Amino acid sequence: MAGLLEAEAARRLRQHGPNRIRDKKREPLWEELLEELGEPMILLLLGTGALYALWGETGDAVTILVVILALVAVEVTGERRAEGAVAALRQLAEPTAAVRREGRLREVPREEVVPGDVVVLMAGRRVPADGRLGQSYGLAVDESAFTGEPVPVEKEPGEAVFSSTLVTRGRGEAEVVATGDATELGRIAARAREVKPPPTPLELAMRELSRSLLGVALAISVVVPLVAWLLRDGPARPLILTGLALAFAMIPEEMPIILALMLALGARRLARQNAIVRRMEAVETLGAVTVIATDKTGTLTRNQPVVSRLTAPAGSRGLLEAAALSADDLDPIDRALLRAGREAGIDVDHLRREAPRRAEFPFDRSRRLSTVVVEAREEGRVVVKGAPEAVAARCAEADRGALLAEAERLADEGLRVIAFAEKRSALGPVVSERDQVESGLTWLGLVAFADPPRPEAREAIAACRAAGIRVLMVTGDHPRSAAAVARAVGLDPDAVVARATPGDKLRIVTDLQGRGERVAVTGDGVNDAPALAAADVGIAMGRSGTDVAREAADVILADDDFATIVRAVAEGRVLFANLRKAVRYYLACKVALAAVMLLAVVLGLSVPFAPVQIIVMELFMDLAASAAFVAEPGEVGRMLRPPRDPRRRFLDRRMVVSILVSASGLFAAVSVAFILSGSGGEGRARTVAFVTWLLGHVALAFSLRREHEPFTWGGLATNRVMAVWGLATLAFVILAVSVPPLRAALKTTPLGALDWALAFVAVAGGVLIVEWARRRIPFDSPASAD
C-alpha cells in the first residue's frame, strides 16, 4: 500500500480535525474566580471586610475588597500558568506514528494521522487510530483496555485494530478508518468522567506542613489581640479586626500553591531543554539522583551509525543483499545497511519488491537475533541477523572460534558488530516454527558499524562526577565495544554492564535502591518498562523509544542525549533550592510578623499595624513567594556539590534555624523603627513600621535569594521578576504615604526625612543581621541528613 498523497492527507486533516480526544472544556474565568472566592482564607477576609462595613468603616471595607480582588487575580493567574505549563507538556509528550505516504515511510505526529492513512504497526508501539489490517506478520495486540482480557489477540489481514491498543509482537500495516472522537476510544472517553491527577508526594508534604503550622498561626492570631485587650483594657472592636487580619496573614495557606507553581514551571523549563516531564514529582526527584544507569546507543553515542567494515567469506554483495531484505526502514542500523547497499550499486528497492516478506520473527533479547522470511524465485529465503555468538551457534559447518575472534577484534576498535546468516528452503514449513527456521544456517559475514560518541557526552559525564553522581553504562552490546565507547566518553570501563538484558537492568536498579541510592535509568524498549517504572526517575528515549517505554517513564528525552539528563538534574536541583528559599522567606516573614506583634503587646504598646495594613502586607508576601522565587536562576556551583540526602526532612533543624535567623533581621528592623518613632504619635509610629516592613521584606527576599553566596548589589538584576516586584513595592510605599486617598485607606500619615532615614537604616541593619548570622550558620547543607 503506497498510502495517501501529502496534499490529500492535509485536506483530510482539515476535514476531520486532529487525531486526538477532545479535552474537557476549560472552566470559564468567572467560574474560577468564584471558586477562588469560596476559599476559606478569602472568606475570612470577606468576613473582615463585612465587619468593617457593619461598623461604619466604609473606606476600610472598600480597601479590603480591592485587596481581595488582587489576591484572587494572583491566585487564578498562578494556577492558570501552572495548568498551561502542564497542558503544553502533554502536547510535547504526544508520540508519533509511522505512516506510509506517497510510497515512503515517515514519522508524523499522532495528531496528524487521518482516515485513509496507511500506518505501520510495530511491537512496543500504540495503534494511533482505528484501522483495518492490510498486512500482518505475527501481529498480536493487547486490547485489555477494551475487553478486559489480559491475553494479546492475534491479528490477521482484514481484522480491525483500535486506537491506543498496544502491539505486543510482530508487525503489520493498517488503513485508518477513524480518528479522534470518532474512534472506539473516543466514544468511550465521551462517556467517562475525567479524574484530576493525584497530588505528588512533595505536595502532600507541603499540605501536611501547612496543617502543622495552622494551629500555631491560629493561636497567635487569638493570643495577640486577647493579651492586648487584657493589658490595655481598651475597646474590643479594633482588636477583633486585628485578630482576623492577623489570622489571614499568619495561616500558611500559600505553600501548596507555591509548590504546584514551581513544579509546573520547572517542568516547562525542562521541556525547553528537551526533557519532557510526564510526572510532576520527577522534577523535584531529579535533584536528588545519586546514580544514572544509562544506555549506550543514542544516549552516549549519536545513534547515526555508518557501515565501517564488512567481513564476508562469500563476498560482500550477497551479505548486503541479505541485509537489505531484513532491513526495517525506521531502524537507524538498518537505514545504514540500506545506504551501504545503494553505495555498492545494489538496487535495494527493486530487490525488496521482488522478494516480499512472508513472515518475520522480531528481535528477541534472549535469542539476541531477529529473522525474516521472504519469497524469492518460488522458494523461501531466511535471513537471520543478530549478535555474532548467537548467529554462529545456529550455523552449520562454521569455524565459530575464528568467527567470534574476528567479531571481538572489531569490537575492540569500538565498533558495533552484527552477524548475518541465511538459508533457502520451501516456504510452507519454514514459516511455522522459529527454532526450525533459525537452524542449519549458512554464515554470510559480519557488518561493523561506527557510531561516534556525542561530543558533549564526555563533558556531561565529567559534570556528573563533579556533582557526586555515579554513571553506569548498561547496554546489550558486546563488552569490548561498550568498553571502547566508555573510554571515549571518559567513563571507567568498570562502570560498564554489557550484554545486559532488561531483567539485568531491573536488578541493577533495585539493588542500588536497596543500598539507599536514588536512581535515574534510561530505556527505550518494551522490556525496559519494569526498570523505568521501578527507578526513582525513569527516562525514556523520545526518538528511538517505544510507546510502552514512554508511558512507564517519568521523563522523556526529545533528543535522546545524555547531556540533557545532566541539564535536567541541574534544573531539579535549582527547583528544590528555590522551593526551600521561597518557603524560608514565606515562613520567616510570618514569624517576624508574629514576633513584632507579640513584642508590642508585651511592652504595653499599641499593635504596630492596622488590620488593613496587615492584609496589604500579606498580598506583597504572596506575590514574592509565589512568583519572584519561582523565577530565581540557579546559583553558581550547584553541580559541584553532592546530591541532597533524600532522607532529609524538608523542615529540618537547619531549615528551622535559618527561618528564625531570617525572621530576626526583619523583626529587629520593624521593632526598632516602631519603638523609636513612637514619640510622634501612634499614627506616625504605625506608618514608619508599615514602611519599614514593606522595604524590609523586599530586602529580606533579595538576601535570601542565595544560599551559598553572600548578598551583592551586582546580583539584583539577575531575577527580573523579583526586581520588578521590589520596584513596585517601593513605588507603592511612596504612594501610600504621599497620596491622600491612599493614606486614608491604609491608615498612614506623611513622613519626614528623619522618618525615611530611620526606616532605611533599620532595614539595612536587619539585612546585616541576616548576612552576619548566615556566615556563621550556613542555611543549606545538602549532603547531610537531619
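This table checks each residue for (1) of a type in the set (Val, Ile, Thr); (2) more than 39 Å from the chain's Cα centre (by Cα); (3) farther than 30 Å from Gly514 by Cβ; (4) modelled with pLDDT of 70 or more.
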| position | (1), (2), (3), (4) |
| --- | --- |
| Leu231 | no, yes, yes, no |
| Ala249 | no, no, yes, no |
| Arg272 | no, no, yes, yes |
| Ala282 | no, no, no, yes |
| Thr294 | yes, no, no, yes |
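Picking from Leu446, Leu403, which residue would you name as being open to solvent by less than 60 Å² (accessible area, probe 1.4 Å) and touching a residue at least 60 places away in the same chain (Cβ under 8 Å)?
Of Leu446, Leu403, the one residue that is open to solvent by less than 60 Å² (accessible area, probe 1.4 Å) and touching a residue at least 60 places away in the same chain (Cβ under 8 Å) is Leu446.
Is it the case that Arg458 is open to solvent by 50 Å² or more (accessible area, probe 1.4 Å), at pLDDT 85 or above, under 21 Å from the mean Cα position of the chain (by Cα) and not small (Gly, Ala, Ser)?
Spelling it out, it is not the case that Arg458 is open to solvent by 50 Å² or more (accessible area, probe 1.4 Å), at pLDDT 85 or above, under 21 Å from the mean Cα position of the chain (by Cα) and not small (Gly, Ala, Ser).
Could you tell me which of the residues Gly158, Gly180, Gly170, Gly186 is modelled with pLDDT of 65 or more, exposed (fewer than 15 other Cβ atoms within 10 Å of the Cβ) and over 30 Å from Tyr586 (Cβ atoms)?
Gly158
Quick check: anything in the range 357-366 of a type in the set (A, V, I, L, M) and either open to solvent by 30 Å² or more (accessible area, probe 1.4 Å) or under 17 Å from Ala498 (Cα atoms) (or both)?
No, every residue in the range 357-366 fails to be of a type in the set (A, V, I, L, M) and either open to solvent by 30 Å² or more (accessible area, probe 1.4 Å) or under 17 Å from Ala498 (Cα atoms) (or both).
State yes or no: is Ser664 in contact (Cβ under 8 Å) with a residue 24 or more places away in the chain, open to solvent by 40 Å² or more (accessible area, probe 1.4 Å) and under 19 Å from Glu618 (Cα atoms)?
Spelling it out, Ser664 is indeed in contact (Cβ under 8 Å) with a residue 24 or more places away in the chain, open to solvent by 40 Å² or more (accessible area, probe 1.4 Å) and under 19 Å from Glu618 (Cα atoms).
Take the residues in the range 106-127 that are touching a residue at least 40 places away in the same chain (Cβ under 8 Å) and in a strand (DSSP E or B); name whichever of them is farthest from the chain's Cα centre (by Cα).
Filtering the range 106-127 for residues that are touching a residue at least 40 places away in the same chain (Cβ under 8 Å) and in a strand (DSSP E or B), the one farthest from the chain's Cα centre (by Cα) comes out as Val118.
For the range 577-585, indicate whether the set of residues that are out of contact with any His (no Cβ under 8 Å at 6 or more places or on another chain), buried (at least 23 other Cβ atoms within 10 Å of the Cβ) and not in a helix (DSSP H, G or I) is non-empty.
Checked the range 577-585: no residue is out of contact with any His (no Cβ under 8 Å at 6 or more places or on another chain), buried (at least 23 other Cβ atoms within 10 Å of the Cβ) and not in a helix (DSSP H, G or I).
Among the residues of the range 609-616, is any farther than 27 Å from Leu263 by Cβ and either within 36 Å of the chain's Cα centre (by Cα) or of a type in the set (D, E, K, R) (or both)?
yes
Could you tell me how many of the residues in the range 104-115 are farther than 21 Å from Arg335 by Cα and open to solvent by less than 10 Å² (accessible area, probe 1.4 Å)?
2
Does the range 371-381 contain any residue that is under 24 Å from Ala500 (Cα atoms) and either crowded, with 17+ Cβ neighbours inside 10 Å or of a type in the set (Val, Ile, Thr) (or both)?
Looking through the range 371-381, at least one residue is under 24 Å from Ala500 (Cα atoms) and either crowded, with 17+ Cβ neighbours inside 10 Å or of a type in the set (Val, Ile, Thr) (or both).
Report, by residue number, each residue of the range 553-562 that is surrounded by fewer than 22 Cβ atoms within 10 Å (Cβ to Cβ) and not charged (D, E, K, R).
Of everything in the range 553-562, just one residue is surrounded by fewer than 22 Cβ atoms within 10 Å (Cβ to Cβ) and not charged (D, E, K, R), namely Ala558.
Does any residue of the range 313-325 turn out to be open to solvent by 60 Å² or more (accessible area, probe 1.4 Å) and either under 38 Å from the mean Cα position of the chain (by Cα) or β-branched (Val, Ile, Thr) (or both)?
Taking every residue of the range 313-325 in turn, none turns out to be open to solvent by 60 Å² or more (accessible area, probe 1.4 Å) and either under 38 Å from the mean Cα position of the chain (by Cα) or β-branched (Val, Ile, Thr) (or both).
Might you check whether a residue that is open to solvent by less than 30 Å² (accessible area, probe 1.4 Å), in contact with a Pro (Cβ under 8 Å, 6 or more places away or on another chain) and under 30 Å from Arg684 (Cα atoms) occurs anywhere in the range 611-620?
Within the range 611-620 (the criterion being open to solvent by less than 30 Å² (accessible area, probe 1.4 Å), in contact with a Pro (Cβ under 8 Å, 6 or more places away or on another chain) and under 30 Å from Arg684 (Cα atoms)), the answer is yes, since at least one residue qualifies.
If I go through the range 712-751 residue by residue, how many of them are outside any helix (DSSP H, G or I) and in contact with a Lys or Arg (Cβ under 9 Å, 6 or more places away or on another chain)?
Going through the range 712-751 one residue at a time, the tally reaches 7.
Looking at the range 382-389, can you tell me whether even one residue there is charged (D, E, K, R), open to solvent by less than 60 Å² (accessible area, probe 1.4 Å) and either at pLDDT 85 or above or not in a helix (DSSP H, G or I) (or both)?
Yes, there is a match, as at least one residue in the range 382-389 is charged (D, E, K, R), open to solvent by less than 60 Å² (accessible area, probe 1.4 Å) and either at pLDDT 85 or above or not in a helix (DSSP H, G or I) (or both).
Give me a count of the residues in the range 449-473 that are in contact (Cβ under 8 Å) with a residue 24 or more places away in the chain and under 16 Å from Asn303 (Cβ atoms).
Selection size over the range 449-473: 10.
Please determine whether any residue of the range 518-526 is among the acidic types (Asp, Glu), more than 15 Å from Val277 (Cα to Cα) and part of a helix (DSSP H, G or I).
Looking for residues that are among the acidic types (Asp, Glu), more than 15 Å from Val277 (Cα to Cα) and part of a helix (DSSP H, G or I), one finds none in the range 518-526, hence no.
For the range 251-270: of the residues being more than 18 Å from the chain's Cα centre (by Cα) and open to solvent by less than 20 Å² (accessible area, probe 1.4 Å), which is modelled with the highest pLDDT?
Met255
Which ones in the range 500-515 are outside any helix (DSSP H, G or I) and free of Cβ contacts under 8 Å to residues at least 60 places away in the same chain?
Matches in the range 500-515: Ala500, Arg515.
The values are calculated or read from the model by the stated rules, or taken from the named source; none is laboratory data. All of these numbers come straight from a predicted model, not from anything done at the bench. Reconstructed Cβ throughout: ideal geometry from the backbone, glycine too, with neighbour counts over all protein chains shown. We work out accessible area using only protein heavy atoms, side chains counted, and drop any ligands, DNA or RNA first. Shrake-Rupley method; radii C 1.70, N 1.55, O 1.52, S 1.80 Å.
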